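Worksheet for the structure shown next.
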């Protein structure tokens, strides 16, 4: 028996991606299988914003091949999923980042502004971060509920 589903509309996709779900980012390794990582993200203006370490495998993979995929799952029992295929841009220069972008990413996943500020302050001293902006070229969105 074939699974029943419906395609999600753009307003449904927009609403779905606003919830603080984890995105599973896939980048293309130079040899072997893709690298897949659970990520916090921000969805604004039909773009995905992520933060990564400048010395991470993701950073080097995107720098070599900017094609990425991001899958956001509703989590049980929500049987919806949105998969975004697109091109990632690495932005190292913090002057070029949208205002408070890292705070806005973090704030989606914590309980308060204070907690988001504290977490961002802790990690800001630990590593060199890069903003990743994913521009979708194809979106595959299904609702199996």
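The values are calculated or read from the model by the stated rules, or taken from the named source; none is laboratory data. Computed from a predicted model, the values in this text were never measured in an experiment. Counting neighbours? That spans all protein chains shown, and the Cβs are built from the backbone with ideal geometry, glycine included.
Quick notes on this structure:
- Test result for residue 95, more than 14 Å from residue 135 (Cα to Cα), surrounded by 14 or more Cβ atoms within 10 Å (Cβ to Cβ) and more than 13 Å from the chain's Cα centre (by Cα): no
- Taking residues in the stretch 83-100 that are more than 16 Å from residue 72 (Cβ to Cβ), and partners anywhere that are in a loop (DSSP other than H, G, I, E, B), the pairs with Cβ atoms closer than 6 Å and at least 6 places apart or on different chains are 87/66.
- Restricting the stretch 85-103 to residues that are in contact with a helix residue (DSSP H, G or I) (Cβ under 8 Å, 6 or more places away or on another chain) and part of a helix (DSSP H, G or I), the residue that is farthest from residue 34 (Cα to Cα) is 103.
- Checking each residue in the stretch 110-135 for being surrounded by fewer than 16 Cβ atoms within 10 Å (Cβ to Cβ) and at pLDDT 95 or above picks out only 135.
- Pairs meeting the criteria (first residue in the stretch 131-145 and on the phi < 0 side of the Ramachandran plot and in a loop (DSSP other than H, G, I, E, B), second residue at pLDDT below 95 and surrounded by fewer than 13 Cβ atoms within 10 Å (Cβ to Cβ), beta carbons under 7 Å, at least 6 apart or on different chains) are 144/3.
- The condition of being closer than 19 Å to residue 140 by Cβ, over 15 Å from the mean Cα position of the chain (by Cα) and at pLDDT 95 or above holds for only one of 64, 80, that being 80.
- Hey, residue 59 under 16 Å from residue 135 (Cα atoms) and either out of contact with any helix residue (DSSP H, G or I) (no Cβ under 9 Å at 6 or more places or on another chain) or at pLDDT 95 or above (or both) or not: no
- If the condition is being under 12 Å from residue 133 (Cβ atoms) and either assigned to a strand (DSSP E or B) or free of Cβ contacts under 8 Å to residues at least 60 places away in the same chain (or both), then the stretch 36-48 contributes 42, 43, 44, 45, 47, 48.
- Of 7, 15, 51, all but one fail to be touching a helix residue (DSSP H, G or I) at 6+ places or on another chain (Cβ under 7 Å) and either surrounded by fewer than 16 Cβ atoms within 10 Å (Cβ to Cβ) or closer than 18 Å to residue 130 by Cβ (or both); the exception is 51.
- Considering the conditions (1) touching a strand residue (DSSP E or B) at 6+ places or on another chain (Cβ under 8 Å); (2) surrounded by fewer than 14 Cβ atoms within 10 Å (Cβ to Cβ), residue 32 is excluded by exactly one of them, (1).
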